[in-house]
Amino acid sequence: DLQPKPSRPHWFERHAQPCLAELLGTALFIFIGCLSVLEQAQGSGRLQPALAHGLALAIVIAALGEI
């Protein structure tokens, strides 16, 4: 039993949803990255910001990857 596919997705799914996902993902990525550098502990060097950016990127991809 094949069901007919909708002809075109709604305008929200085509235009607004990807833009909002991009905005939210970029804001989260920049916010977490800046916070990781703000209170950098002595001796952590470049490891803490790199791990924070990597974790933020993984979260954004996991949460918004389907969009």
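Some points to look at:
- Remark: relative contact order (the stretch 9-65) = 40 percent; criterion is Cα-Cα distance under 8 angstrom and separation of 6 or more residues.
- With every protein chain in place, the stretch 9-65: carbon and sulfur % of accessible area (1.4 Å): 73 percent
- About its Cα centre, the dipole of the chain is roughly 140 debye, where the only charges are +1 on Lys and Arg Cβ and -1 on Asp and Glu Cβ.
- Note that the chain presents 87 Å² accessible area per residue, ligands and nucleic acids not counted, probe 1.4 Å.
- Treating r as the C-beta distance of residue 66 and residue 2 and R0 as 35 Å, the FRET efficiency rounds to 0.90.
- Over the chain: helical MRE at 222 nm, DSSP H runs n ≥ 4 each giving -39500 (n - 2.57), nearest 500: -20500 deg cm²/dmol
- Recomputing P(r) over Cα pairs in 10 Å bins from 0, in percent from the coordinates shown identifies the correct label among [x] 22, 56, 21, 0; [y] 19, 33, 22, 14, 8, 4, 0; [z] 16, 17, 15, 15, 13, 12, 7, 3, 1 as [y].
The values are calculated or read from the model by the stated rules, or taken from the named source; none is laboratory data. Note that the coordinates shown come from a computational prediction; the quantities given were computed from them, not determined experimentally. Note: ideal-geometry Cβ built from the backbone for every residue, glycine included; neighbour counts use all protein chains shown. What goes into the accessible areas is simple: the full protein's heavy atoms, side chains included, and nothing from ligands, DNA or RNA. Shrake-Rupley method; radii C 1.70, N 1.55, O 1.52, S 1.80 Å.
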